[in-house]
Every structure is written in structure tokens, then in C-alpha cells.
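Following: one structure in C-alpha cells, then a few remarks.
The values are calculated or read from the model by the stated rules, or taken from the named source; none is laboratory data. Only a predicted model underlies this, so the values are computations on that prediction, with no experimental measurement involved. Methodologically, a virtual Cβ is constructed for each residue, glycine included, from the backbone with ideal geometry; neighbour enumeration extends over all protein chains shown.
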Amino acid sequence: MILRRVLIGAVVVMIILLDIWQHVHIVTMGYEVELARQKQKELQQSHKQLLVEVETLSALDRIEKIAMTRLGMIKPKDGQMILVQKRPTTETRLQVARRTP
């Protein structure tokens, strides 16, 4: 009889401890989720700033100004420019080869 009460008491204590552990785990996971959301927002903001920086640095007016001021380049005169066609890709060459009998 005493052994039975001890076993029932042990089971009740284990159930209570399990319930407490689950509650603590849920709260901890909630904090981790919130930290991950905050980090995601920070990374998205950083990404937006980097996109603006890329656009600023790759602006053609800026590149032309650097070429002329820092590198001493000048604009070509009429007749000095030669337009070079883009080299066809392997896929384009294969399509042309298939059309040829």
C-alpha cells in the first residue's frame, strides 16, 4: 500500500516536472523566434542599403566621371568607336547548327 502511494506520488511529481519543463521550453522558443524575426528585419534593412549602394556605385554618370577625372580618359570622337557584337552563347550556336541542313 505504501509502495503504491509512493509510486503514484512519483508519477504526479514527474508529470508536474514535465509540465514545467514544457512551459519553460515554449517560453524559450518564443524568445528565440522573436530574436530571429528581429535579426531578419535587420538583415532586410542591410540588404536594402546594399542594393542602394550597388545602384549608386554602378551609375554610368559616376563611372564616366571617374574615368575622366581619375584615369584621364576622354570621350571618343566620331568614328573612333567600334561596336563589337556580343559573342553568341553555346545555346545560340546549337540552335543555328540545328537549323542548317
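Restricting to the range 54-93, name every residue that is in a loop (DSSP other than H, G, I, E, B), surrounded by 10 or more Cβ atoms within 10 Å (Cβ to Cβ) and modelled with pLDDT under 75.
Across the range 54-93, the qualifying residue is only PRO88.
Take VAL96 and decide whether it is of a type in the set (A, V, I, L, M), at pLDDT below 95, assigned to a helix (DSSP H, G or I) and within 39 Å of the chain's Cα centre (by Cα).
Against the criterion (of a type in the set (A, V, I, L, M), at pLDDT below 95, assigned to a helix (DSSP H, G or I) and within 39 Å of the chain's Cα centre (by Cα)), VAL96 qualifies.
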